[in-house]
Amino acid sequence: MCVSILAIESSCDETSAAVLRDGEILSNFIATQKIHEQYGGVVPELASRAHQQNIVPVVEMALREAGVVKSALSAVAFTRSPGLIGSLLVGGCFAKSMAFGLSIPLIAVHHLQAHVLANFIPSSAGGTGSKPSFPFLCLTVSGGHTQIVLCEDFLKMKIIGETLDDAAGEAFDKTAKILGLPYPGGPLIDKYAKEGNPQRFSFPEPQIPGLNFSFSGLKTAILYFVQEQTKRDPEFFQKNLPDICASVQHRIITILMNKLIKAAGETGIKEVCIAGGVSANTGLRKAIAEYSERYGWHYHIPEFQYCTDNAGMIAITAYYKYLAGEFTDLSVSPSARGSLELR
Ligand code: KG4
Ligand code: ZN
């Protein structure tokens, strides 16, 4: 049996389309919306409009690159939730129309389940190139979510810890904003951190019980620290940018890793992986390798292009749903919220 799936991701500010054949990603095309940079964050109304403009060319590029014609598709998949509703509606309506027009099944995918399953995309460049075995723990760290997910099977996942306020990606982006860096700041903090000393400045680690996280206190501590130092020396953060970035990144990573150590200890699971935009972070990728060595874990990291929002991860999730016969009625509607535990 040959299964060919076209997948669409449009939950935030990336318009992406991918084509999969029998579990292999043939193309993964991502159009990043540059328009939001000037506003220091994603403007929902502008994101929906940009998705409308991008969606047809992006889908055409993905099909062309894959060498797959529309009539050869077995199903169309899309991100149903969570995300910005206006953005989700564009991808959802497009996928529904295509499935309707081609008389093929429609598959609705949960964005966070897809981030986790990006670890099953066969990879060569940058990732570990290995697939996790069940059960495993996934540390999902994105711009909107921070979760520790216990994965029992491809489609059976349980959240055992999550953030009570800001997400890890937000902690990176808000720190960048305080430092006057453009949006999204995560990749820039990563870049400057490479040249800095992570031990130079000390930021607090929140004491949150259980496996949950909190990042809002850290953001406030960084803001006060920068204001205080700038009063003494107006050029403080220009002079110390690499050390500040390295120290903040170090603290975010230790907060994440300490909870993962706790989760692994409590569940007895030694199979771990990372997912989501922040899993592209160089420091976090290094940390998971080092901690795995120390704690005897077996770890997995997705290839860079499958860490931040992309349709390849929607395609691989749709593939497992296709094999399980989990199709979606054409009356489905995207939703801004929704747990990955309830499919
Ligand atoms: O998964 P994603 O693309 O979108 C959401 O589902 O939210 O994650 C985006 C987040 C942003 O906060 C961005 O700053 C962060 O991932 N990010 C990074 C890096 N690359 C992306 N954070 C730290 N280091 C990076 N290299
Ligand atoms: Zn995402």
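The values are calculated or read from the model by the stated rules, or taken from the named source; none is laboratory data. As the structure is a computational prediction, the values presented were derived from the model and not from experiment. All Cβ positions, even for glycine, are placed from backbone atoms using ideal geometry, and neighbour counts span all protein chains on display. Note: accessible area is taken over every heavy atom of the protein model, side chains too, but ligands, DNA and RNA are not part of it. Shrake-Rupley method; radii C 1.70, N 1.55, O 1.52, S 1.80 Å.
Taking segment 271-302 as the range and being away from ligand 1 (no atom under 16 Å from the Cβ) and either in contact with an Asp or Glu (Cβ under 6 Å, 6 or more places away or on another chain) or not aromatic (Phe, Trp, Tyr) (or both) as the test, the residues that pass are 271, 272, 290, 292, 293, 294, 296, 298, 300. For residues that are in contact (Cβ under 8 Å) with a residue 40 or more places away in the chain and either polar (S, T, N, Q) or closer than 14 Å to residue 146 by Cα (or both), scanning just segment 174-207, find the one that is least open to solvent (accessible area, probe 1.4 Å). Looking at the filtered set, the residue picked out is 175.
When the helices (runs of 4 or more DSSP H) confined to segment 227-343 are screened for residues that are over 30 Å from residue 2 (Cα atoms), those reaching at least 3 such residues are found at 236-267, 282-295.
With the condition kept exactly as written, say whether any residue in segment 259-275 is within 30 Å of residue 229 (Cα to Cα) and in contact with a Pro (Cβ under 8 Å, 6 or more places away or on another chain). No, the conditions are met nowhere in segment 259-275. Taking the criterion of being open to solvent by less than 50 Å² (accessible area, probe 1.4 Å), part of a loop (DSSP other than H, G, I, E, B) and away from ligand 2 (no atom under 16 Å from the Cβ), the only residue of segment 151-168 that qualifies is 155. All of 167, 125 fail the test of being within 16 Å of ligand 1 (Cβ to nearest atom) and modelled with pLDDT under 95, apart from 125. Applying the condition of being of a type in the set (S, T, N, Q) and touching a strand residue (DSSP E or B) at 6+ places or on another chain (Cβ under 7 Å) to segment 133-149 and asking which residue is nearest to residue 112 (Cα to Cα) yields 140.
Of everything in segment 234-256 that's open to solvent by 40 Å² or more (accessible area, probe 1.4 Å) and charged (D, E, K, R), which residue is farthest from residue 286 (Cα to Cα)? Top of the filtered list is 235. Annotation note: of 126, 144, the sole residue that is surrounded by fewer than 22 Cβ atoms within 10 Å (Cβ to Cβ), farther than 27 Å from residue 21 by Cβ and touching a helix residue (DSSP H, G or I) at 6+ places or on another chain (Cβ under 8 Å) is 144. When segment 68-108 is filtered for residues that are of a type in the set (Val, Ile, Thr), open to solvent by less than 10 Å² (accessible area, probe 1.4 Å) and within 20 Å of residue 167 (Cβ to Cβ), only 79 remains.
Selection of segment 21-49 for residues being among the aliphatic types (A, V, I, L, M) and in contact with a Ser or Thr (Cβ under 7 Å, 6 or more places away or on another chain) yields 30, 31, 47. Within the bounds of segment 221-241, is there any residue that is under 21 Å from the mean Cα position of the chain (by Cα) and either modelled with pLDDT of 95 or more or within 16 Å of ligand 1 (Cβ to nearest atom) (or both)? No. Please verify whether residue 65 is within 24 Å of residue 332 (Cβ to Cβ), among the acidic types (Asp, Glu) and open to solvent by 10 Å² or more (accessible area, probe 1.4 Å), treating the condition exactly as stated. For residue 65, the condition - within 24 Å of residue 332 (Cβ to Cβ), among the acidic types (Asp, Glu) and open to solvent by 10 Å² or more (accessible area, probe 1.4 Å) - is not met. Scanning for something within 16 Å of ligand 2 (Cβ to nearest atom) and of a type outside the set (Gly, Ala, Ser), does segment 91-107 turn up at least one residue? Within segment 91-107, not a single residue is within 16 Å of ligand 2 (Cβ to nearest atom) and of a type outside the set (Gly, Ala, Ser). I want to confirm something. Restricting to segment 291-310 and keeping residues that are open to solvent by less than 70 Å² (accessible area, probe 1.4 Å) and of a type in the set (A, V, I, L, M, F, W, C), which single residue is nearest to residue 19 (Cα to Cα)? My answer is 307.
Working only within segment 17-45, note down all residues that are assigned to a helix (DSSP H, G or I) and either closer than 23 Å to residue 304 by Cα or modelled with pLDDT of 95 or more (or both). I'd like the intermediate steps shown before the answer.
Narrowing segment 17-45 to residues assigned to a helix (DSSP H, G or I): 34-39, 44-45.
The answer is 34, 35, 36, 37.
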